[in-house]
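The values are calculated or read from the model by the stated rules, or taken from the named source; none is laboratory data. Note that the structure is a prediction, hence the values are computed from the model and not measured. No Cβ is skipped: glycine too gets one built from the backbone with ideal geometry, and neighbour counts run over all protein chains shown. We work out accessible area using only protein heavy atoms, side chains counted, and drop any ligands, DNA or RNA first. Shrake-Rupley method; radii C 1.70, N 1.55, O 1.52, S 1.80 Å.
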Amino acid sequence: MWRARRAAEACEVCQSLVNAHYTVQGPLPLLRLHLPSRSLHHLRPLPARPRRPQLPGSRQPFSSLGPLPLRRWKLSPAKPGYQPRRHFWPARLAARLLRLRYLLLGSAVGGGYTAKKTFDQWKDMVPDLSDYKWIVPDFVWQLDEYIDLEKLSKALPDSESLAKLLPDLDKLSGSFSLLKDFFSTGHTLVSEVTGVSDPLLLLGTSGETAFRATDASESDRQFKKGLLGELIILEQQIREHEEEARRAAGQYNTGYSQQKRKVSDKEKVEQLQEELLRTQLKYQRILERLEKENKELRKLVLQKDDKGIHHRHLKKSLIDMYSEVLDVLSDYDASYNTQDHLPRVVVVGDQSAGKTSVLEMIAQARIFPRGSGEMMTRSPVKVTLSEGPHHVALFKDSSREFDLTKEEDLAALRREIELRMRKNVKEGCTVSPETISLNVKGPGLQRMVLVDLPGVINTVTSGMAPDTKETIFSISKAYMQNPNAIILCIQDGSVDAERSIVTDLVSQMDPHGRRTIFVLTKVDLAEKNVASPSRIQQIIEGKLFPMKALGYFAVVTGKGNSSESIEAIRDYEEEFFQNSKLLKTSMLKAHQVTTRNLSLAVSDCFWKMVRESVEQQADSFKATRFNLETEWKNNFPRLRELDRNELFEKAKNEILDEVISLSQVTPKHWEEILQQMLWERVSTHVIENIYLPAAQTMNSGTFNTTVDIKLKQWTDKQLPAKAVEVAWETLQEEFSRFMTEPKGKEHDDIFDKLKQEVKEESVKRHKWNDFAEDSLRVIQHNALEDRSITDKQQWDAAIYFMEEALRGRLRDTEAVLENMVGPDWKKRWMNWMGRTQEQSVHNETKNELEKMLKCNEEHPAYLASDEITTVRKNLESRGVEVDPCLIKDTWHQVYRRHFLKTALSHCNLCRRGFYYYQRHFVDSELECNDVVLFWRIQRMLSITANTLRQQLTNTEVRRLEKNVKEVLEDFAEDSEKKMKLLTGKRVQLAEDLKKVREIQEKLDAFIEALHQEK
């Protein structure tokens, strides 16, 4: 109470001061009082009665204005011209009042600091838009160079002109307040729609997409306050009209007694239905306008990025990254077992139910081959839909782009898909599980991955494999068993529901319908043919089929004409549903019709499933990678992890190094090998066909003539080809030796099969130069024409060569004779061996013929008839029955041995015959023409070997190296060949490690991009 009295006294003091200063009588206004009196004046007003006088006491009066005591003032009414005595109290009062400046200054400093801190926080919250400066055209930043902003500011109206517009602005503010209320209502509806968690309720909203993977953020809600808010209002109106129409329809069917009321209700129902259709059409037009504007804007942005206007690195789109993961997974795990649980949209349905047509409407292009009633989809087709500036399609393993806006490219694409399907189908089969991967890009396409499967059939017709039905079921089950696969079940609405096969299959794979979307096609035919339209309503509501689904849709995919364009089909579909009784009678809802709503729903469901399962898949592959790496460390601790391609590259380098090693072989080694192999190949012909016939002649002239004729014939016909054949075999043997010989510790037996295959294929492709035989023929003919032995060394070399040839032939002859007559007495006693009856006959015949040769050592090479008879009779006299042919065969070997022994003894005599040779054997009984023959043969072999060596080192080795490179390049492109030639646990483990790492890396990159998009 005393504080209030002191404050009242202060207020009276202030009022008297102001009245005295301004000479104003009457009550002082509140705004003119100082701050403490004003606040107290509000809290407790002064009473109207006069103040009681103070009681005497020792307490000093107290003032809130300062610590100094105040004196009591005797207040008296002011008179005109009267100046009261001040006693300097205004100065003291002003000094105390001025202390408020410190409070004001402190408040200003504190408020400024708080404002600065708040501003900094707001500034930090604003995102950095410097990376998006490219969105604003460059000319905007250059406006200040071309526009004088000072002149522009002077040209603006002044404050007086703006003041005249205030009444109009008040009207505008009122209009804006109405708009604010309108948008706030739309915003509330959007938040209510996005907050719904039940997927079936989400499918019921056609303005928004049918499924949402994540809750909308605050920025998304602000963005939807425009035309989207109006769409929500329109949808609310549609629902209200539907409810009114249903209530009116219920009232319409109340009974016969209310006939007049029924007529009015019927009119009301028709009026509400017409209003509902008008609202739906308005809603649809706004939605189409929004989609068209969005499509054009995105196309412009993508075209700018495609042309590289801003020179920035374009990253792969999210759906392309996900499609690459699926492609790698399909190669790693073709059976789609537990390793691959990534989502994909699996399109299943009965044959000719319209699966392909639905896919084409979603892809907005007629990309699949079509047929009337026959099976066209013979293998799964994975279609990856993504946004792009141009509507194009391309295969995973090809760089060719098909322009989907051109009919020629569309026809070529359909032919290519059909060819790939037929190529995948093996002989004796009708369908194939191998997947064809196709990417389709275009503006406005919903991003998703769809797999079109062969249509399910009930009966195997003629021309199909017997197991076609089971194969289709196994392929469909393999895809649908994936717990994260979205099943797009296509049902033909123009046939009886009881004939459906696919619904039973889908209900087995997804009995609770948590990942199934049901699509009823050919609704236009169904509306005409079905007697009870409520049957269609039962299908869409999920009451007719035993299967359950996440959502139900009804679509129309054309009039059945394969030449119809996508635009014509879309127009026909919209026109049909606008005039359909199914919509007018509310059997179908607006959000359950058209392929546009279907694609939106499938896309959102797909991305929701991706976000829910992709991280779990990434974790499973991390565990798989850890297990494989541990197994590799335990089995191959000192080897590097090389997959099949890396091993092939390593083997390729080794093979090329070995081919190059052929050029390091010395010329001497080449010539020795070639000469030895060539003589082994021609020695039989030289001795049997040239030397032996010539040696039967009676004199040296006939011998030389016979030799020359035989050598000329041999050189013209056989010798060059035989020499080239020997050279080619020699090259093969040397190449094989370099390829197969072990390299010590560096040798890796995992390459042996590959090297052998490369060698065989290279040899098969190699062909010797055609001109080699012609050049060899001339060289060999000239070498054989030369008979001049220049020195004793060559003479001795020729004799040695002749002796070696004759000894080798003698050994062969004795081996033949021993095999013919059996073992001799020593071997029979030592080895307990015996002769057969035939061998005994041959032995008796041999002994008889040897007796005849001892009598005539110069006997000719052939037996006369009387000699054969004599030998046979002599043998018969000893009880040995022989055949004349047996006598001739035995004689051939006996005489051959006799001749070779005689020739070898003649060689010893000719060792000293070089002197007589120089004198042309004049006045000498010794004739060594056979030594000259073998010298000519030896010289020919040496010259031929030298010529072949030059051809090998200069030409053929390089051609072989070229063939090897071509073979390796062909093998590098043939994956099946590499899998066949490079096998083993080590290779398979390295392949699995590589695939798992690649999948994990791609999944991590995709997950990172997915989080950034959120």
Open to solvent by 10 Å² or more (accessible area, probe 1.4 Å) and within 29 Å of M321 (Cα to Cα), is that true of R638? no
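Are there any helices (runs of 4 or more DSSP H) wholly within the range 862-981 with 2 or more residues that are in the same structural domain as M802 (by the TED database) and touching a strand residue (DSSP E or B) at 6+ places or on another chain (Cβ under 8 Å), and if so which?
none
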Any residue in the range 539-550 that is assigned by the TED database to the domain that holds Q592, under 19 Å from W607 (Cα atoms) and outside any helix (DSSP H, G or I)? yes
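Filter the range 643-689 down to the residues that are acidic (D, E) and open to solvent by less than 70 Å² (accessible area, probe 1.4 Å) and list them by number. Give the steps one after another, and end with the answer.
Our first condition is that a residue be acidic (D, E); within the range 643-689, this holds for 643, 646, 649, 654, 657-658, 671-672, 680, 688.
Answer for the range 643-689, where residues must be acidic (D, E) and open to solvent by less than 70 Å² (accessible area, probe 1.4 Å): D643, E654, E658, E671, E688.
For (1) at pLDDT 90 or above; (2) of a type in the set (K, R); (3) touching a helix residue (DSSP H, G or I) at 6+ places or on another chain (Cβ under 9 Å), each residue gets a yes or a no:
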| residue | (1), (2), (3) |
| --- | --- |
| V841 | no, no, yes |
| K846 | no, yes, yes |
| K854 | no, yes, no |
| Y862 | no, no, yes |
| N874 | no, no, yes |
| G879 | no, no, no |
| K888 | no, yes, yes |
State whether the residues of the range 790-807 include one that is in the same structural domain as V931 (by the TED database), outside any helix (DSSP H, G or I) and either exposed (fewer than 13 other Cβ atoms within 10 Å of the Cβ) or basic (K, R) (or both). yes
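Run down P466, P443, P433 and say which single residue is at pLDDT below 90 and within 20 Å of the chain's Cα centre (by Cα).
Numbers: P466 fails: within 20 Å of the chain's Cα centre (by Cα); P443 fails: within 20 Å of the chain's Cα centre (by Cα).
Result: P433 is the single residue among P466, P443, P433 that is at pLDDT below 90 and within 20 Å of the chain's Cα centre (by Cα).
Answer yes if at least one residue in the range 921-938 is open to solvent by 40 Å² or more (accessible area, probe 1.4 Å) and small (G, A, S), and no otherwise. Reasoning before the result, please.
Kept after step one, since they are open to solvent by 40 Å² or more (accessible area, probe 1.4 Å), are these residues of the range 921-938: 922-923, 925, 927, 938.
Still in the list and also small (G, A, S): none.
Within the range 921-938, not a single residue is open to solvent by 40 Å² or more (accessible area, probe 1.4 Å) and small (G, A, S).
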What number of residues within the range 819-846 are surrounded by 14 or more Cβ atoms within 10 Å (Cβ to Cβ) and part of a helix (DSSP H, G or I)? 10
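Tell me, yes or no, whether the range 702-721 has at least one residue that is more than 20 Å from A783 (Cα to Cα) and out of contact with any Phe, Trp or Tyr (no Cβ under 8 Å at 6 or more places or on another chain).
First, the residues of the range 702-721 that are more than 20 Å from A783 (Cα to Cα): 702.
Remaining after also requiring out of contact with any Phe, Trp or Tyr (no Cβ under 8 Å at 6 or more places or on another chain): 702.
So far as the range 702-721 goes, yes, one or more of its residues are more than 20 Å from A783 (Cα to Cα) and out of contact with any Phe, Trp or Tyr (no Cβ under 8 Å at 6 or more places or on another chain).
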Take the residues of the range 705-752 that are part of a helix (DSSP H, G or I), among the polar types (S, T, N, Q) and open to solvent by 50 Å² or more (accessible area, probe 1.4 Å): which is nearest to V682 (Cα to Cα)? Q713
Being without any contact (Cβ under 8 Å) to a residue 24 or more places away in the chain and either part of a helix (DSSP H, G or I) or out of contact with any Lys or Arg (no Cβ under 6 Å at 6 or more places or on another chain) (or both): is that true of R625 here? no
Spot the failing condition for G560; the list is (1) farther than 22 Å from E274 by Cα; (2) part of a loop (DSSP other than H, G, I, E, B); (3) in contact with a helix residue (DSSP H, G or I) (Cβ under 7 Å, 6 or more places away or on another chain), and only one is missed. (3)
Filter the range 523-563 for residues that are surrounded by fewer than 16 Cβ atoms within 10 Å (Cβ to Cβ) and within 23 Å of M376 (Cα to Cα) and give the result. K559, G560, N561, S562, S563
Quickly run through the range 753-789 and pick out the residues that are over 30 Å from K965 (Cα atoms), in a helix (DSSP H, G or I) and either touching a residue at least 24 places away in the same chain (Cβ under 8 Å) or β-branched (V, I, T) (or both). R777, V778, I779, Q780, H781, A783, L784
Qualifying positions in the range 354-392 - touching a Ser or Thr at 6+ places or on another chain (Cβ under 6 Å), open to solvent by less than 10 Å² (accessible area, probe 1.4 Å) and assigned to a loop (DSSP other than H, G, I, E, B): F368, S379, P380
Under 7 Å between Cβ atoms, which residue pairs at least 6 apart in sequence (or on different chains) link something in the range 435-460 that is outside the structural domain of S599 (by the TED database) with a partner that is of a type in the set (G, A, S) and open to solvent by 30 Å² or more (accessible area, probe 1.4 Å)? none
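From the list Q616, Q664, Q675, which residue is farther than 30 Å from L711 by Cβ and either at pLDDT 90 or above or not assigned by the TED database to the domain that holds F751 (or both)?
Q616
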Note on L520: of the conditions (1) assigned to a loop (DSSP other than H, G, I, E, B); (2) surrounded by 22 or more Cβ atoms within 10 Å (Cβ to Cβ), unmet is (1)
